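Enquirer: I have a structure here, written as structure tokens, and I will follow up with some questions on it.
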Amino acid sequence: MVGRPTSVPRFRAPFGALSYIGAYHGRVAEPHSASRPDPRENRLLAALPEADYRDLLPHLEAAPMSLGLAVYESGGLQGFVYFPTDSIVSLLYVLESGASTEIAVTGNEGLVGISLFMGGETTPSRAVVQSAGQAYRLRAAVLKRHFESRGELQHLLLRFTQALITQMTQTAVCNRHHAVDQQLCRWLLLMLDRLSSSELRMTQELIANMLGVRREGVTEAAGRLQAQGLIEYSRGRIVVLDRPRLESRVCECYAVVKREYDRLLPAMRATAGS
């Protein structure tokens, strides 16, 4: 039986990164890069009609997403939604014991903070930056005003929410019924879909926390994938060498989630001036 969620346990960020709380109260980390990406590198913002995008643009605030940053805590008030451009955020369920399991990931295909427009205001999950990068954030009041106007933004956010629910339910099925090797393949492919390269910076301990399995299980699974030439792993660095073969090894859960995202969400389009 799933335990009662709590906001007390703290996430141990890898590679010495700090775990920040209170990001939803307006505090953000220092930027990791001086350059700011175009907001339309986020697929939801890119899919908006030009007039709707121009209405939102003055309200979008650049938000550097440092590794380990807690975008929101379990049960915490959320003052912003976040639209990642090249960062990835992990949604985690944290038990009273401090153990955690990843229930979904979000990158430039969506946003973080669906409870703000779904009416719940808070959520029992925790959102932590898993891959550093950039995002744009929008104040809750601005989002709600545009959402309630019943325009294209509302349609996009509802379709994204349906896709996210599919990912959550399929993750639960996968964690219960499939081998650690298959879970690791699914997780790697989901990350690759949201990254611009085939290299990931991730320790086995963190992957084990995300999958809710023992670290030894991840070590063995990663070793088998490396021995078969699918990945290269060393010192917290994973490089996918053969994605087609990785896809042939993964369970059906990855394809179910990808088809639903492809069906419900718009493809990335070229931004103005690119």
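Enquirer: Regarding residue 75, is this residue out of contact with any strand residue (DSSP E or B) (no Cβ under 9 Å at 6 or more places or on another chain) and of a type outside the set (Ser, Thr, Tyr)?
Expert: yes
Enquirer: Right, something else. Of all residues in segment 234-257, which are under 22 Å from the mean Cα position of the chain (by Cα) and of a type outside the set (A, V, I, L, M, F, W, C)?
Expert: First, the residues of segment 234-257 that are under 22 Å from the mean Cα position of the chain (by Cα): 236-240, 243, 246-247, 250-257.
Answer for segment 234-257, where residues must be under 22 Å from the mean Cα position of the chain (by Cα) and of a type outside the set (A, V, I, L, M, F, W, C): 236, 237, 243, 247, 252, 254.
Enquirer: Scan segment 217-253 for residues that are within 23 Å of residue 173 (Cα to Cα) and of a type in the set (S, T, N, Q) and report the count.
Expert: Within segment 217-253, residues that are within 23 Å of residue 173 (Cα to Cα) and of a type in the set (S, T, N, Q) number 2.
Enquirer: Given the options 29, 63, name the one that is at pLDDT 95 or above, in contact with a helix residue (DSSP H, G or I) (Cβ under 9 Å, 6 or more places away or on another chain), within 17 Å of residue 131 (Cα to Cα) and not polar (S, T, N, Q).
Expert: 63
Enquirer: Please indicate, with yes or no, whether at least one residue in segment 199-208 is β-branched (Val, Ile, Thr), touching a residue at least 12 places away in the same chain (Cβ under 8 Å) and assigned by TED's automatic domain parsing to the domain that holds residue 222. Steps first, please.
Expert: Applying the first criterion (β-branched (Val, Ile, Thr)) to segment 199-208 yields 203, 207.
Next, only the ones that are touching a residue at least 12 places away in the same chain (Cβ under 8 Å) stay: 203, 207.
Still in the list and also assigned by TED's automatic domain parsing to the domain that holds residue 222: 203, 207.
Yes, segment 199-208 contains at least one residue that is β-branched (Val, Ile, Thr), touching a residue at least 12 places away in the same chain (Cβ under 8 Å) and assigned by TED's automatic domain parsing to the domain that holds residue 222.
Enquirer: Considering only segment 134-141, I want to know if a residue exists there that is within 30 Å of residue 212 (Cβ to Cβ), modelled with pLDDT under 95 and buried (at least 22 other Cβ atoms within 10 Å of the Cβ).
Expert: no
Enquirer: Please work out if residue 157 is more than 19 Å from residue 125 (Cβ to Cβ) and surrounded by 15 or more Cβ atoms within 10 Å (Cβ to Cβ). Give the steps one after another, and end with the answer.
Expert: Details: more than 19 Å from residue 125 (Cβ to Cβ): no; surrounded by 15 or more Cβ atoms within 10 Å (Cβ to Cβ): yes.
Considered against the rule, which asks whether it is more than 19 Å from residue 125 (Cβ to Cβ) and surrounded by 15 or more Cβ atoms within 10 Å (Cβ to Cβ), residue 157 comes out as no.
Enquirer: Is it the case that segment 44-59 has a residue that's within 13 Å of the chain's Cα centre (by Cα) and either crowded, with 23+ Cβ neighbours inside 10 Å or not polar (S, T, N, Q) (or both)?
Expert: Here is the first cut: in segment 44-59, the residues within 13 Å of the chain's Cα centre (by Cα) are none.
No, segment 44-59 contains no residue that is within 13 Å of the chain's Cα centre (by Cα) and either crowded, with 23+ Cβ neighbours inside 10 Å or not polar (S, T, N, Q) (or both).
Enquirer: Any residue at all in segment 217-231 that's touching a Gly at 6+ places or on another chain (Cβ under 9 Å) and either within 19 Å of residue 101 (Cβ to Cβ) or not β-branched (Val, Ile, Thr) (or both)?
Expert: No, because not a single residue in segment 217-231 is touching a Gly at 6+ places or on another chain (Cβ under 9 Å) and either within 19 Å of residue 101 (Cβ to Cβ) or not β-branched (Val, Ile, Thr) (or both).
Condition check ((1) in contact with a strand residue (DSSP E or B) (Cβ under 8 Å, 6 or more places away or on another chain); (2) hydrophobic (A, V, I, L, M, F, W, C)) across all residues:
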{"site": "171", "(1), (2)": "yes, no"}
{"site": "176", "(1), (2)": "no, no"}
{"site": "184", "(1), (2)": "no, yes"}
{"site": "197", "(1), (2)": "no, no"}
{"site": "203", "(1), (2)": "no, no"}
{"site": "209", "(1), (2)": "yes, no"}
{"site": "212", "(1), (2)": "yes, no"}
{"site": "261", "(1), (2)": "no, no"}
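Enquirer: Oh, and also: Select from segment 209-219 the residues that are without any contact (Cβ under 8 Å) to a residue 60 or more places away in the chain and surrounded by 14 or more Cβ atoms within 10 Å (Cβ to Cβ) and list them in ascending order.
Expert: 213, 215, 217, 218, 219
Enquirer: Would you list the strands (runs of 3 or more DSSP E) that sit entirely within segment 35-131 and hold 3 or more residues that are of a type outside the set (Gly, Ala, Ser) and farther than 26 Å from residue 152 by Cα? Outline the logic, then answer.
Expert: Working: elements: 61-65, 70-72, 80-84, 88-94, 100-106, 126-131.
Because the criterion is at least 3 residues that are of a type outside the set (Gly, Ala, Ser) and farther than 26 Å from residue 152 by Cα, the strands (runs of 3 or more DSSP E) in segment 35-131 that meet it are 88-94, 100-106, 126-131.
Enquirer: Conditions first: (1) under 15 Å from residue 61 (Cα atoms); (2) not assigned by TED's automatic domain parsing to the domain that holds residue 35; (3) not basic (Lys, Arg). Residue 85 passes all but one, so which condition is the exception?
Expert: All conditions are met except number (2).
Enquirer: While we're here: Can you tell which of 115, 90 is farther than 27 Å from residue 201 by Cβ and of a type outside the set (Asp, Glu)?
Expert: Values: 90 fails: farther than 27 Å from residue 201 by Cβ.
Exactly one residue qualifies, and that residue is 115.
Enquirer: Filter segment 69-87 down to the residues that are buried (at least 22 other Cβ atoms within 10 Å of the Cβ) and within 21 Å of residue 125 (Cα to Cα) and list them by number.
Expert: Answer for segment 69-87, where residues must be buried (at least 22 other Cβ atoms within 10 Å of the Cβ) and within 21 Å of residue 125 (Cα to Cα): 69, 70, 71, 72, 73, 78, 80, 81, 82, 83, 84, 87.
Table: residues versus (1) under 28 Å from residue 53 (Cβ atoms); (2) touching a Leu at 6+ places or on another chain (Cβ under 8 Å); (3) surrounded by 19 or more Cβ atoms within 10 Å (Cβ to Cβ).
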site: 169; (1), (2), (3): no, no, no
site: 177; (1), (2), (3): no, no, no
site: 197; (1), (2), (3): yes, no, no
site: 207; (1), (2), (3): no, yes, yes
site: 222; (1), (2), (3): no, yes, yes
site: 256; (1), (2), (3): no, no, no
site: 264; (1), (2), (3): yes, no, no
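The values are calculated or read from the model by the stated rules, or taken from the named source; none is laboratory data. Because the structure is predicted, anything quoted here is derived from the model rather than measured. In this analysis, Cβ positions are derived from the backbone assuming ideal geometry, glycine residues included, and neighbour counts consider all displayed protein chains.
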